[in-house]
Amino acid sequence: MKPRGLSTELIHRGEDAPVRADSVNVPIYETTTFLFENADEVRRYQEGTVDKYLYSRYANPTIVVTEEKIAALDRAEGALAFASGMAAVSTILWTFLSPGDQLLCSSAIYGGTFHLVNDVLRRFQVDVRFATIEELAEPESLFTERTALCWIESPINPTLRCLDVARVARACRAAGVLSVLDNTFASPINQQPLALGVDLAMQSATKYLNGHSDVTGGAVTGPRALLKRVDLMRRYLGGVMDPLAAFALARGLKTLPVRMAQHNRSAEAVARFLDQDRRVTRVYYPGLASHPDHEVARAQMTGFGGMVTFEVPGGLDGASRVFDRLEVVRRATSLGGVDSLVSLPVLTSHYNYSDEELARAGVTAGMLRVSIGLEDEADLIADFDQALG
Ligand SMILES: *Cc1c(COP(=O)(O)O)cnc(C)c1O
C-alpha cells in the first residue's frame, strides 16, 4: 500500500530503506526500537538464531561499537557502556550482591560509591565492611564466610594513594570473592586491571575515556560470563548509555592513548615544579619518589596519570587564594578532560566531612586537586608560579 497522507509520508518516508552510505564513522542510531519483517523473525530473535536488535535499552549498534573499543582498551572479552559511572557502579553491586552477603569495600573510594554503599546498599541487608589501604595489604584476614564481593579503587582521590591490585585480586580469587576495581583515575592506558587479575574493571567514562568534559558515561569490562549477568541487570535497572553519548565517546576514545601520554608528561612536569617550590608544603603524585605508594604505582602502572594534588600553608584560606588566582587552570570539579581543572577537596569531594573523617582520608584544608589538561606545559607551570604569589 502506498502511503497517502502527509503525516504518514513524514513518518515513514526513507526510514525503512536505509542507504549504505559507507561513512567512515558509525552513524548515531538514535532510535529506541528496531523493525522486524514478520513474526518468524521476532521468534528467531527470541531464540537467538538471528543477529538483530530489538530495543535500545537492550542493545544498539552505536553503543555496541563504542563497547568494542572499550573492550579493546582493557584487552577484555567484552565491555558494557552505561549512562554514568554511578550507573555502572550500582548495576555491578545489584548484579552480584544479595541480602546476607558481605561487601568488602576499600574505605578510600569515590564519594558517590561510598554513599551508595553506606546509605543505600545497607538498607538491602548487605553487610558492608570498610577496609583501609593498610588493611587491604593483608586481604586474607578480612574475608568472612559471607564475603561475596571486594570493591577497590587505585589511585584514589585526592591523595592518589595506590593499593597493590594484584595482591588483592589474588587473595580474592583464592577465596572465591569477586573483585572489582574502579580504574577511573588511571585509565586503561596507565593501568590494566584485568591483567592484574581483577574480575571486573569499572570506570567513569565521563573522565579520561571521553576526555572532553562533554559526555557523562560509565563502562564495565571483563569476561563474557560475568558481563552477561551485568548486561541483564542493566536492562532491569535501565542505566544504559544513550546512542548520542556513545557516538561522542567513541570519538573521544580514538585519541585516548595520545591524550594520556600528554597528561602523564605534563602532570609529572607540574608535580616536579611544585615539589621544588618552597611555597608548596607537599605534593601528592604517584610518580614522585616521595609519594607513599610510589613503588606500588611503579610496579603496576605504565604511567602515573594526569592528577596532581598539592598543599599550601594557611589552610582553606591559603588554598583559596591560590585557587582564585589561577588563570589557565579553570575552577571546576571533575577530571580527565582537555581543560586543566582545579578543585578544593574540602569544598567538593570531601565537603561536610568531620575532622576525624578528613584525617582518615588524608585530606587537609590546604589541599588543591588539579586535573592537568592538554594546554602547553609551560603555560601551566607559569600559571601555578603566578598563582602561588
Ligand atoms: C566520577 C567518578 C565516578 C562516578 O562517575 P560519574 O560518571 O560521575 O557517574 C566513579 N568513580 C570515580 C573514581 C570517579 O572519579
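A compact table of results
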item	result
Number of the exception - Pro188 against (1) away from the ligand (no atom under 12 Å from the Cβ); (2) in a loop (DSSP other than H, G, I, E, B); (3) buried (at least 23 other Cβ atoms within 10 Å of the Cβ)	(2)
Residue identified as at pLDDT 95 or above and within 21 Å of Tyr284 (Cβ to Cβ) among Leu149, Leu178, Leu136	Leu136
Residue under evaluation Asp16, criteria (1) at pLDDT 85 or above; (2) outside the structural domain of Gly239 (by TED's automatic domain parsing); (3) surrounded by fewer than 10 Cβ atoms within 10 Å (Cβ to Cβ), criterion not met	(1)
Elements of type helices (runs of 4 or more DSSP H) contained in segment 291-373, each with 3 or more residues being under 13 Å from Leu160 (Cα atoms) and either open to solvent by 10 Å² or more (accessible area, probe 1.4 Å) or modelled with pLDDT of 95 or more (or both)	294-300
Which numbered condition Asp214 misses (of (1) assigned to a strand (DSSP E or B); (2) over 24 Å from Glu295 (Cβ atoms))	(1)
Arg57 vs. criteria open to solvent by 70 Å² or more (accessible area, probe 1.4 Å) and either among the small types (Gly, Ala, Ser) or under 29 Å from Asp214 (Cα atoms) (or both)	yes
Ala269, sole failed condition from (1) within 16 Å of the ligand (Cβ to nearest atom); (2) in the same structural domain as Val370 (by TED's automatic domain parsing)	(1)
Subset of segment 375-389 [open to solvent by 60 Å² or more (accessible area, probe 1.4 Å) and either farther than 18 Å from Pro313 by Cβ or assigned to a helix (DSSP H, G or I) (or both)]	Asp376, Glu377, Ala378, Asp379, Asp385, Gln386
Filter result (more than 17 Å from Leu227 (Cα to Cα) and of a type in the set (Asp, Glu)) within segment 159-208	Asp164
Filter result for Thr281 (over 30 Å from Glu357 (Cα atoms) and open to solvent by 10 Å² or more (accessible area, probe 1.4 Å))	no
Residue count, segment 69-88 (criterion: in contact with a helix residue (DSSP H, G or I) (Cβ under 7 Å, 6 or more places away or on another chain) and more than 21 Å from Ala59 (Cβ to Cβ))	1
Some residue of segment 220-227 being polar (S, T, N, Q) and part of a loop (DSSP other than H, G, I, E, B)	no
Residue identified as open to solvent by 70 Å² or more (accessible area, probe 1.4 Å), of a type in the set (Asp, Glu) and assigned to a helix (DSSP H, G or I) among Glu68, Glu30	Glu68
Condition check for Phe247: among the aromatic types (Phe, Trp, Tyr), in contact with a Ser or Thr (Cβ under 9 Å, 6 or more places away or on another chain) and open to solvent by 10 Å² or more (accessible area, probe 1.4 Å)	yes
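Quick grid of which residues meet (1) closer than 15 Å to Ala71 by Cβ; (2) crowded, with 20+ Cβ neighbours inside 10 Å:
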site	(1), (2)
Val168	no, yes
Gly176	no, no
Asn183	yes, yes
Ala225	yes, no
Val230	yes, yes
Leu237	no, no
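The values are calculated or read from the model by the stated rules, or taken from the named source; none is laboratory data. Remember, predicted model here, so these are calculated numbers, not experimental data. Heads up, the Cβs are rebuilt from the backbone with ideal geometry, glycines too, and the neighbour counts pull from every protein chain shown. All accessible areas refer to the heavy atoms of the entire protein, side chains included, with ligands and DNA or RNA removed. Shrake-Rupley method; radii C 1.70, N 1.55, O 1.52, S 1.80 Å.
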